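Asks: Before anything else, here's the structure in question.
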Amino acid sequence: SLVTVMGNGYGLEETIRIDYGKTGSITDTVSNAQGEFITVFTVDTQRYGTHTITASGLSTQACFNSSHFIIPKVVVNPTTGMMGTIITVCGTGYGSSETVRLDFGTSYGILYADEEVSEEGSWTISFAIDMQKCGKTIVEGIGQVYGVPASDYVWITPKVWTTPASGVVGAEITVMGAGYA
């Protein structure tokens, strides 16, 4: 997400360094003739919780702090598929090395991202869409320490297949389907 930082009391046209949590100098800006500034930066990958924003004047050494709270986010790719389609789920903003339970539609605890969660609270897991009804299906990652969920969705489309896959004229085939309402 984007964070807007505003400040005053700095030197005239002074370069101001913005530090965010573990990231030093996430952006720099310059104050105006009244010693004021406004800047925007994008939150990078960091763990769940409160992080300090520090605005430091490089000439005057003026330094002020504020805080920002990171919450989890889950992103699914692709967002459309049928049974058997491999989807990748990426999570950020979880606790450092926190175990994350991944729920997918009617399948609860389909995966646990315990060994995959980085020190910065991010993880990525891929799996095949299992037997679910068609339509919008929620994918939710729930941190097991803080209990904060984040979700995205997959649009499941129907799938039809036959057995045998080929045959002669007059042969009997079976038609099967999945992902219907």
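Asks: Mind checking the alpha-carbon convex hull of the chain and giving the volume per residue in Å³? If you can, show how the numbers build up before the last one.
Replies: Working: hull volume 25.2 nm³, N = 181.
Enclosed volume per residue, from the Cα hull, is 139 Å³.
Asks: Would you mind computing, in nm to one decimal, how far apart the modelled labels at residue 86 and residue 65 are, each placed 7 Å from Cα along Cα→Cβ?
Replies: Computed distance between label sites residue 86 and residue 65 equals 4.5 nm.
Asks: So, with a 1.4 angstrom probe, what is the percent of accessible area on the chain that is carbon and sulfur? It would help to have the intermediate numbers written out before the result.
Replies: Details: 5290 of 10040 Å².
That fraction is 53 percent.
Asks: Still on this structure, please answer the following. Name the residue from 167, 134, 106 whose Cα lies farthest towards the positive end of the charge dipole of region 99-181, charges +1 on Cβ of Lys and Arg and -1 on Cβ of Asp and Glu.
Replies: 167
Asks: Using alpha carbons only, how many angstrom separate the centre of region 71-92 from the centre of region 118-171?
Replies: 8 Å
Asks: Something else now. Hey, can you find the accessible area per residue of region 39-181 for me, probe 1.4 Å, expressed in square angstrom?
Replies: Numbers: 7900 Å² over 143 residues.
For region 39-181, the solvent-accessible area averages 55 Å² per residue.
Asks: Can you compute the charge dipole magnitude of the chain about its Cα centre, using +1 on each Lys and Arg Cβ and -1 on each Asp and Glu Cβ, nothing else charged? Give it in debye, rounded to the nearest 20. Don't skip to the answer; put the middle values down first.
Replies: Numbers: 8 positive and 17 negative charges, 103 e Å.
So the magnitude is around 500 debye.
Asks: Given R₀ = 45 Å, FRET efficiency for residue 23-residue 162 by Cβ-Cβ distance, to 0.05? Write down the numbers at each step before the final one.
Replies: Details: r = 54 Å, r/R0 = 1.20.
E(calc), rounded to 0.05, equals 0.25.
Asks: Please give the peptides 89-99, 45-55 ranked by average Cβ packing (other Cβ atoms within 10 Å per residue), highest first, as a rough proxy for protection. Write down the numbers at each step before the final one.
Replies: Values: 89-99: 21.0, 45-55: 17.2.
For the peptides 89-99, 45-55, the packing ranking is 89-99, 45-55.
Asks: Sorting 73, 159 by accessible area (1.4 Å probe), largest first, what list results? Can you show the working numbers first?
Replies: On the way: 73 120, 159 60 Å².
Of 73, 159, the descending order of accessible area is 73, 159.
The values are calculated or read from the model by the stated rules, or taken from the named source; none is laboratory data. As the structure is a prediction and not an experimental result, all values here were calculated from the model. Here Cβ is always computed from backbone atoms with ideal geometry, including for glycine, and neighbour counts include all displayed protein chains. Please note that ligands, DNA and RNA were not included when accessible areas were found on the heavy atoms of the full protein model with its side chains. Shrake-Rupley method; radii C 1.70, N 1.55, O 1.52, S 1.80 Å.
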